[in-house]
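Undergrad: Sharing a structure below in structure tokens format, with a few things to ask.
The values are calculated or read from the model by the stated rules, or taken from the named source; none is laboratory data. Keep in mind that this is a model prediction, so the values were computed, not measured. Ideal geometry is used to build each Cβ from the backbone, glycine not excepted, and the neighbour counts take in all protein chains shown.
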Ligand SMILES: Cc1cc2nc3c(=O)[nH]c(=O)nc-3n(C[C@H](O)[C@H](O)[C@H](O)COP(=O)(O)OP(=O)(O)OC[C@H]3O[C@@H](n4cnc5c(N)ncnc54)[C@H](O)[C@@H]3O)c2cc1C
Ligand code: SF4
């Protein structure tokens, strides 16, 4: 019988085809085509089926990657799907947007031996998109309804993963979210060309069909305090993400047409969803015909430059104070941006914004790299006397996110937070310092990744269930006494 696996010596690595840059720039659709079945089988068969799979160890969800690769290579797709979804509430999302080069694929043994990693993310996407197409993905069927209820604040990946896991056990789950649509950053942050919205919307629909209630346009702190919400439920999960944009305090910061990244991306995503967006419709937040300068070097900055390209900006420049090797964003996304015509100005930092009411130019300092800082990355230092100007009529600031002041917003000043403003939890129980109130996702970790949010949501579900069970047991023993 022909050997099915370990084909990496004879078979070259192939990723799904990318659409041409001309086509990509003409719409907001995802840039990769789906694998065709034979390619997915072939590429899966390159896996070396390691005894100790480093890909799995470096996947935050400990996905059983070698098993689903083997099943895919054997054409047993339904079984591959069953295994894939057993550890991941949104595998088709992770397959699309995980920075695989830093996680599973970056640790693939055949990558280390110079043969090119197994294309794990693309296979994960293929398996799960096929499952959706074939109707294998089903809502949760509750065996026994339980009375206890959990209120989840935040309909992002952490909240949704926790909700699904708790519902599987039969709990009553309600998710509250301040936006009009569920999905968190999957809907209003990440652009379509990385993650098309139907992928998120069909997940949300499935959760609704599973009996999970969604209450949209409901802001905790405004519509109810944390304690008021707690009085309605047996446990609460806070999964509100981090949304406070980091500022850049330089002269000219108050000029018109300088925006934080999320304002720009949300407007673009809303337009894609068919909404009316006043600031976009009147041209303010539309990059068309403009010289756009994006400040920052993370994934959000990459999403802003690539969105600007698709909105038909006249020019798109990305200012980053370190060099390409030291960029925090995914190397894959930087490569995509370069292919699409974005100009990167490495080792440069804005000194001031220039203009009369509206921004007209950015004054830029050239930088050099000095000694490593506490993060181990070399510290950028200004090259004295190196200033120069670049034209700009739209500036987008993408310098990262901090948590909002939740104790104040939630009217719960006792809620414990860390020195960074993230919510403090007991790492074993995932409980905050307030009884029955748990927290997960970016609001605990700081700005992170979807795959970590899902992991946290799943872990929180286990801990919330333990907490609720221990309450039942306590009540029983008190009644018996
Ligand atoms: C532009 C951008 C691009 C990104 N790209 C990637 C990527 O390619 N790959 C990747 O893995 N990660 C990416 N990330 C990171 C990823 O999106 C986050 O790590 C992840 O969404 C965090 O999940 P979460 O559930 O903790 O929070 P979120 O997704 O932020 O969801 C939190 C939810 O809580 C709601 N909420 C907040 N406050 C309240 C309140 N007071 N009352 C009620 N509801 C509230 C919000 O409306 C939101 O819906 C990106 C992030 C951004 C900003
Ligand atoms: S969830 Fe992310 S890290 Fe894990 S296997 Fe999938 S793509 Fe890799």
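Undergrad: In the list 130, 87, 117, 72, which residue meets the criterion of being crowded, with 16+ Cβ neighbours inside 10 Å and out of contact with any helix residue (DSSP H, G or I) (no Cβ under 8 Å at 6 or more places or on another chain)?
TA: 87
Undergrad: For region 405-421, how many residues are surrounded by 13 or more Cβ atoms within 10 Å (Cβ to Cβ) and either more than 18 Å from residue 227 (Cα to Cα) or within 16 Å of ligand 2 (Cβ to nearest atom) (or both)?
TA: Of the residues in that region, 1 qualify.
Undergrad: With respect to the numbered conditions (1) more than 9 Å from ligand 2 (Cβ to nearest atom); (2) more than 24 Å from residue 167 (Cβ to Cβ); (3) without any contact (Cβ under 8 Å) to a residue 40 or more places away in the chain, which one is the sole condition not fulfilled by residue 117?
TA: The single condition residue 117 does not satisfy is (3).
Undergrad: Please give the helices (runs of 4 or more DSSP H) falling wholly within region 209-291 in which 2 or more residues are assigned by TED's automatic domain parsing to the domain that holds residue 161 and more than 19 Å from residue 392 (Cα to Cα).
TA: Filter on region 209-291 gives 226-232.
Undergrad: Can you tell me which of 160, 90 is assigned by TED's automatic domain parsing to the domain that holds residue 233 and either on the phi > 0 side of the Ramachandran plot or within 16 Å of ligand 2 (Cβ to nearest atom) (or both)?
TA: Just one listed residue meets the conditions, 160.
Undergrad: For residue 79, which of the numbered conditions (1) surrounded by fewer than 20 Cβ atoms within 10 Å (Cβ to Cβ); (2) over 28 Å from the mean Cα position of the chain (by Cα) fails to hold?
TA: (2) is the only condition that residue 79 fails.
Yes or no, residue by residue, for (1) loosely packed, with under 15 Cβ neighbours inside 10 Å; (2) more than 14 Å from ligand 1 (Cβ to nearest atom):
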site	(1), (2)
208	yes, yes
212	no, yes
216	yes, no
226	no, no
232	yes, yes
238	no, no
241	no, no
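Undergrad: How many residues are closer than 16 Å to residue 392 by Cα and not in a loop (DSSP other than H, G, I, E, B) if we restrict to region 302-325?
TA: Selection size over region 302-325: 9.
Undergrad: Only one residue in 31, 57, 36 is touching a residue at least 40 places away in the same chain (Cβ under 8 Å) and surrounded by fewer than 15 Cβ atoms within 10 Å (Cβ to Cβ), so which one is that?
TA: None of the other options fit; the residue is 57.
Undergrad: Taking the options 96, 76, name whichever one is outside the structural domain of residue 459 (by TED's automatic domain parsing), near ligand 2 (Cβ under 10 Å from one of its atoms) and closer than 29 Å to residue 139 by Cα.
TA: Just a single option satisfies the conditions, and that option is 96.
Undergrad: Hey, among 60, 16, which residue is part of a loop (DSSP other than H, G, I, E, B), in contact with a helix residue (DSSP H, G or I) (Cβ under 6 Å, 6 or more places away or on another chain) and within 16 Å of ligand 1 (Cβ to nearest atom)?
TA: 60 is the lone residue from the list that is part of a loop (DSSP other than H, G, I, E, B), in contact with a helix residue (DSSP H, G or I) (Cβ under 6 Å, 6 or more places away or on another chain) and within 16 Å of ligand 1 (Cβ to nearest atom).
Undergrad: Select, from 435, 456, the only residue that is within 15 Å of ligand 2 (Cβ to nearest atom) and at pLDDT 95 or above.
TA: On inspection, the qualifying residue turns out to be 456.
Listed here are the residues, each with its yes/no results for (1) surrounded by 20 or more Cβ atoms within 10 Å (Cβ to Cβ); (2) out of contact with any strand residue (DSSP E or B) (no Cβ under 9 Å at 6 or more places or on another chain).
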site: 113; (1), (2): no, yes
site: 134; (1), (2): no, yes
site: 142; (1), (2): no, yes
site: 149; (1), (2): no, no
site: 153; (1), (2): yes, no
site: 159; (1), (2): yes, no
site: 176; (1), (2): yes, no
site: 186; (1), (2): yes, yes
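Undergrad: Which of the residues that make up region 354-365 are surrounded by 19 or more Cβ atoms within 10 Å (Cβ to Cβ) and over 17 Å from residue 315 (Cβ atoms)?
TA: 365
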